[in-house]
Amino acid sequence: MSEYTNQFQNLTEDELRQAFIEASQDNASSERFFNSFTYVSHLFNGNYQAAFEQGRDLLNRCRAFDQNIYTSMHKGTPYYWLGSAAYLLNDFESVTFFLDAAVAEDITRNVEPQTHTPAIKFMLLEGELNEQAAFRLVRDAQARMQRNIDIYNRHSGHKSGTENLTLPILRTKLLEKLFSSDNKWKSIVTTMISFSLEWDYRNQLFDLRPVQGTNEPFFFHLFKGCLLFESLLKNNPKNPVALSTKETNLGKILQLLHNALDIDHDLPIK
């Protein structure tokens, strides 16, 4: 247990509180403060669980010191490290949660999205761009999404005249909605990314168990995919019929949009 708590061993509670308050004065000070604890070195030394637990512990300590200072203080740095640690722990929902929080911190601190901070590069899956500590992870995430796009493009049944999906199109049409003030779109974007990233890990779980047992991981993954699909259909601004309906049943939504989707009107979906 000491492995997760010893990063404060050289500071008394009062010293830690005072360091936190002083660091809240500007962005540079807060970045130095959040980079000065051992959770960061654990991350780069391969102890990802310790990095994740200690990083959360540090944020919880700071929040307990002063909620108002904590809220106003720039926390993009620890959010970025926590998202990176979560990626290496295959906790992809925590990845998008913390990286979305890091992006929001950057934007709140008057960092324009065009600047493409490391957190923004991560969430836009810009693995071809340098100047990001988690470059290897972003490149891996981009490759996973590209593989899914390639699989989608190879499938038959696309509506006539529809162009192939590409990663730049996905960024422009969907991922950049992360900058929207509408939390609904933030949720859709983060769900799209975590859904794309988690499949390899979920599938590996089944391969590791020769005898079939619980399908809970698969069911949760499938449920997330269905919810994502329904949300995209209902919130597409080019589908006013879907936007205006109060229907929440996927089958009814597909019936309303069957012409736009070029599918049968009576698909047997409940």
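Would you point out the residue of segment 177-206, among those that are hydroxyl-bearing (Ser, Thr, Tyr) and assigned to a helix (DSSP H, G or I), that is nearest to Arg147 (Cα to Cα)?
In the first step, residues of segment 177-206 are kept if they are hydroxyl-bearing (Ser, Thr, Tyr); the result is 180-181, 187, 190-191, 194, 196, 201.
If we keep only those that are assigned to a helix (DSSP H, G or I) too, we end up with 187, 190-191, 194, 196, 201.
Values: Ser187: 22, Thr190: 18, Thr191: 17, Ser194: 14, Ser196: 9, Tyr201: 15 Å.
Only one residue tops the list, namely Ser196.
A quick yes/no check of all residues on (1) under 24 Å from Asp57 (Cα atoms); (2) of a type outside the set (A, V, I, L, M); (3) at pLDDT 90 or above:
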| site | (1), (2), (3) |
| --- | --- |
| Leu99 | yes, no, yes |
| Ala102 | yes, no, yes |
| Val111 | no, no, no |
| Gln114 | no, yes, no |
| Glu126 | no, yes, yes |
Return the pair list, or none, for Cβ contacts closer than 7 Å from residues in segment 66-79 that are within 18 Å of Leu16 (Cβ to Cβ) to residues that are of a type in the set (Lys, Arg) and in a helix (DSSP H, G or I), at least 6 apart or on different chains. Tyr70/Arg63
Residue selected from segment 96-111 under the condition among the polar types (S, T, N, Q) and surrounded by fewer than 22 Cβ atoms within 10 Å (Cβ to Cβ), by the criterion farthest from Thr191 (Cα to Cα): Asn110
Given the structure, is Gln146 surrounded by 18 or more Cβ atoms within 10 Å (Cβ to Cβ) and touching a helix residue (DSSP H, G or I) at 6+ places or on another chain (Cβ under 8 Å)? no
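Quick check on segment 194-215: of everything there that is of a type in the set (A, V, I, L, M) and farther than 18 Å from Ala141 by Cβ, which residue is surrounded by the fewest Cβ atoms within 10 Å (Cβ to Cβ)? Walk me through it before giving the result.
First pass over segment 194-215, keeping only residues of a type in the set (A, V, I, L, M): 197, 205, 208, 211.
Right, trim to farther than 18 Å from Ala141 by Cβ and you get 205, 208, 211.
Working: Leu205: 13, Leu208: 7, Val211: 4.
Filtering segment 194-215 for residues that are of a type in the set (A, V, I, L, M) and farther than 18 Å from Ala141 by Cβ, the one surrounded by the fewest Cβ atoms within 10 Å (Cβ to Cβ) comes out as Val211.
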Consider segment 177-193. How many of its residues are surrounded by fewer than 19 Cβ atoms within 10 Å (Cβ to Cβ) and closer than 20 Å to Ala143 by Cβ? 1
Do any residues in segment 154-181 that are more than 22 Å from Leu99 (Cβ to Cβ) have Cβ atoms under 7 Å from those of residues that are assigned to a loop (DSSP other than H, G, I, E, B) and not polar (S, T, N, Q), where the two are at least six apart or on different chains, and which pairs are they? Lys159/Asp262
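Just checking, how many residues over segment 151-176 are in a loop (DSSP other than H, G, I, E, B), loosely packed, with under 12 Cβ neighbours inside 10 Å and among the aliphatic types (A, V, I, L, M)? Steps first, please.
Our first condition is that a residue be in a loop (DSSP other than H, G, I, E, B); within segment 151-176, this holds for 155-166, 174.
Restricting the remaining residues to those that are loosely packed, with under 12 Cβ neighbours inside 10 Å gives 155-157, 159-164.
With among the aliphatic types (A, V, I, L, M) added as a condition, the list becomes none.
The number of residues fulfilling the criteria is 0.
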Filtering segment 23-35 down to residues that are modelled with pLDDT of 90 or more and under 17 Å from Leu59 (Cβ atoms) yields Ala23, Ser24, Ser29, Ser30, Glu31, Arg32, Phe33, Phe34, Asn35
Right, Asp182: acidic (Asp, Glu) and either at pLDDT 90 or above or within 15 Å of the chain's Cα centre (by Cα) (or both) or not? no
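Please work out if Glu93 is buried (at least 21 other Cβ atoms within 10 Å of the Cβ) and charged (D, E, K, R). It would help to see each step written out before you state the result.
Working: buried (at least 21 other Cβ atoms within 10 Å of the Cβ): no; charged (D, E, K, R): yes.
Judged against the criteria, Glu93 is not a match.
Among the listed residues Phe52, Phe20, identify the single one that is within 15 Å of Tyr80 (Cα to Cα), at pLDDT 90 or above and either in contact with a helix residue (DSSP H, G or I) (Cβ under 7 Å, 6 or more places away or on another chain) or not in a helix (DSSP H, G or I) (or both). Talk me through it step by step, then tell me what you get.
Values: Phe20 fails: within 15 Å of Tyr80 (Cα to Cα).
Of the residues listed, the single one that is within 15 Å of Tyr80 (Cα to Cα), at pLDDT 90 or above and either in contact with a helix residue (DSSP H, G or I) (Cβ under 7 Å, 6 or more places away or on another chain) or not in a helix (DSSP H, G or I) (or both) is Phe52.
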Exclusive hit being under 30 Å from Trp185 (Cα atoms), of a type outside the set (Asp, Glu), more than 18 Å from the chain's Cα centre (by Cα) and not in a loop (DSSP other than H, G, I, E, B), set Tyr70, Tyr39: Tyr70
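The values are calculated or read from the model by the stated rules, or taken from the named source; none is laboratory data. Keep in mind it's a predicted model, so treat the numbers as computed, not measured. Cβ: placed from backbone, ideal geometry, glycine included. Neighbour counts: every protein chain shown.
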